[in-house]
Amino acid sequence: MTRIVVTGAAGFIGSNLIKGLNQRGLTDIIAVDDLTQGDKFCNLADLQISDYIDADLFYDHYADSGFGQIEAIFHQGACSNTMESNGKYMLQNNFATSVQLYHACQKRGTRLLYASSAAVYGGSDTFTEAPAFERPLNVYGYSKLLFDQRMRRECGADFGRTLAGKTMQVVGLRYFNVYGPREQHKGRMASVAFHLFHQFRDQGQVRLFGDYGGYGPGAQMRDFVFIDDVVAVNLWFFDHPGYSGIFNLGTGRAQPFNDVACTVINTLRRMDSLSELTLQELCDAGLLSYIPIPDALRGKYQCHTQADLQALRRVGCGHVFADVQTGTAQYVQALVCHQ
């Protein structure tokens, strides 16, 4: 039986990966996480795993040949709080632990598929997997970039250009703005779709940032990618062990925050048998309004992100991504069902 490890297993992406693996009939899964935040157990309660190991114990034990033969590790465990300022803590969690895991995987013949982040691009206006465009704005983005850089050195000049050669498969996926079910524990780090849903349910209106960075109210654009698409691309690389490299994982299509807000409100209106409204009608009715961007975010806020998917397409991954209207509507329906 194929044995798999998922780190960050009780988190947003990790738990959805386990769900995707379970849907394939794969259940010999070792879940690794830190459940100090106990309510994250909910993300594992409906899933099939073979074991749970605390993150403080897993990495050293695996390096010492524990757990038997592992086919692949989906390494999602990290400090994902982009507002965290403790660089020592961030680099230990996101860099040093990942380097230890990489060496153990190579020694033991295990494939490593890990979570990088679009935060590595930071202040750049080009989102291509190349050093010239990697300009992180915070220590979180730097911690992810540092590990990507280490993998480029460790895996050689052909990393991402050809089939995996001198190393076991290593794939780094730079997640853009991921949204979808099982993110309820993330607090302020949850997606804009999650926050707008709860704003509208609790207050009967939603708020977005107004004019900023040369963009009109709510017109700042992000590459919003639905969680099911993130899982699908991870599993595509799992199915194609010959390919290694660092790849963007977004839709390749930037859409404004206004699209998210309109979809959240209109999906809920449809579910209440009410007619859909245009953006202007939502504003006129007071259902959507705009606030100034906080001073703390000025100069640190990305107004436009859009994944360059050329590298992903070159290796043959032709996955078709959901647009904001499709993915957000599906997500809102799931949120309503789980209330």
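Per-residue answers, yes or no, for (1) over 30 Å from residue 267 (Cβ atoms); (2) assigned to a helix (DSSP H, G or I):
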| position | (1), (2) |
| --- | --- |
| 148 | yes, yes |
| 153 | yes, yes |
| 173 | no, no |
| 187 | no, yes |
| 201 | no, yes |
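Please identify the pairs in which a residue from region 146-158 that is closer than 21 Å to residue 315 by Cα and without any contact (Cβ under 8 Å) to a residue 40 or more places away in the chain has its Cβ atom under 9 Å from the Cβ atom of a residue that is part of a helix (DSSP H, G or I) and not aromatic (Phe, Trp, Tyr), counting only partners at least 6 apart or on another chain.
That search, which allows pairs on different chains as well, returns 149/131.
Among the hydrophobic types (A, V, I, L, M, F, W, C), out of contact with any helix residue (DSSP H, G or I) (no Cβ under 8 Å at 6 or more places or on another chain) and in a helix (DSSP H, G or I): is that true of residue 283 in this structure?
Spelling it out, residue 283 is indeed among the hydrophobic types (A, V, I, L, M, F, W, C), out of contact with any helix residue (DSSP H, G or I) (no Cβ under 8 Å at 6 or more places or on another chain) and in a helix (DSSP H, G or I).
Filter region 286-335 for residues that are in a helix (DSSP H, G or I) and within 17 Å of the chain's Cα centre (by Cα); which is farthest from residue 211 (Cα to Cα)?
Across region 286-335, the extreme among qualifying residues is 312.
Of the residues that make up region 270-277, is at least one within 29 Å of residue 21 (Cα to Cα), surrounded by 13 or more Cβ atoms within 10 Å (Cβ to Cβ) and out of contact with any Cys (no Cβ under 6 Å at 6 or more places or on another chain)?
Within region 270-277, none of the residues are within 29 Å of residue 21 (Cα to Cα), surrounded by 13 or more Cβ atoms within 10 Å (Cβ to Cβ) and out of contact with any Cys (no Cβ under 6 Å at 6 or more places or on another chain).
Answer with yes or no whether residue 222 is among the basic types (Lys, Arg) and within 24 Å of residue 173 (Cα to Cα).
yes
If I ask for residues that are in a loop (DSSP other than H, G, I, E, B) and out of contact with any strand residue (DSSP E or B) (no Cβ under 6 Å at 6 or more places or on another chain), which ones from region 203-218 would you list?
Within region 203-218, 204, 205, 211, 213, 214, 216 meet the criteria.
Scanning for something within 28 Å of residue 300 (Cα to Cα), polar (S, T, N, Q) and loosely packed, with under 14 Cβ neighbours inside 10 Å, does region 74-85 turn up at least one residue?
There is at least one residue in region 74-85 that is within 28 Å of residue 300 (Cα to Cα), polar (S, T, N, Q) and loosely packed, with under 14 Cβ neighbours inside 10 Å.
Among all residue pairs at least 6 apart or on different chains, which show Cβ distances below 6 Å where the first residue, located in region 232-258, is farther than 21 Å from residue 73 by Cα and the second is part of a helix (DSSP H, G or I) and not aromatic (Phe, Trp, Tyr)?
Final answer for the pair search is 255/324; 258/279.
Using the structure shown, decide if residue 12 is in the same structural domain as residue 57 (by TED's automatic domain parsing), more than 19 Å from residue 71 (Cα to Cα) and touching a Pro at 6+ places or on another chain (Cβ under 9 Å).
So residue 12 passes the test.
Would you be able to say whether some residue in region 19-36 is crowded, with 21+ Cβ neighbours inside 10 Å, part of a helix (DSSP H, G or I), assigned by TED's automatic domain parsing to the domain that holds residue 145 and over 20 Å from the mean Cα position of the chain (by Cα)?
No, region 19-36 contains no residue that is crowded, with 21+ Cβ neighbours inside 10 Å, part of a helix (DSSP H, G or I), assigned by TED's automatic domain parsing to the domain that holds residue 145 and over 20 Å from the mean Cα position of the chain (by Cα).
Within region 298-339, which residues are of a type in the set (Val, Ile, Thr) and free of Cβ contacts under 8 Å to residues at least 24 places away in the same chain?
Hit for region 298-339 is 320, nothing else.
The values are calculated or read from the model by the stated rules, or taken from the named source; none is laboratory data. The model shown is predicted, which means the values in this text are computed figures rather than measured ones. Note that we place each Cβ from the backbone using ideal geometry, even for glycine, and neighbour counts take in every protein chain shown.
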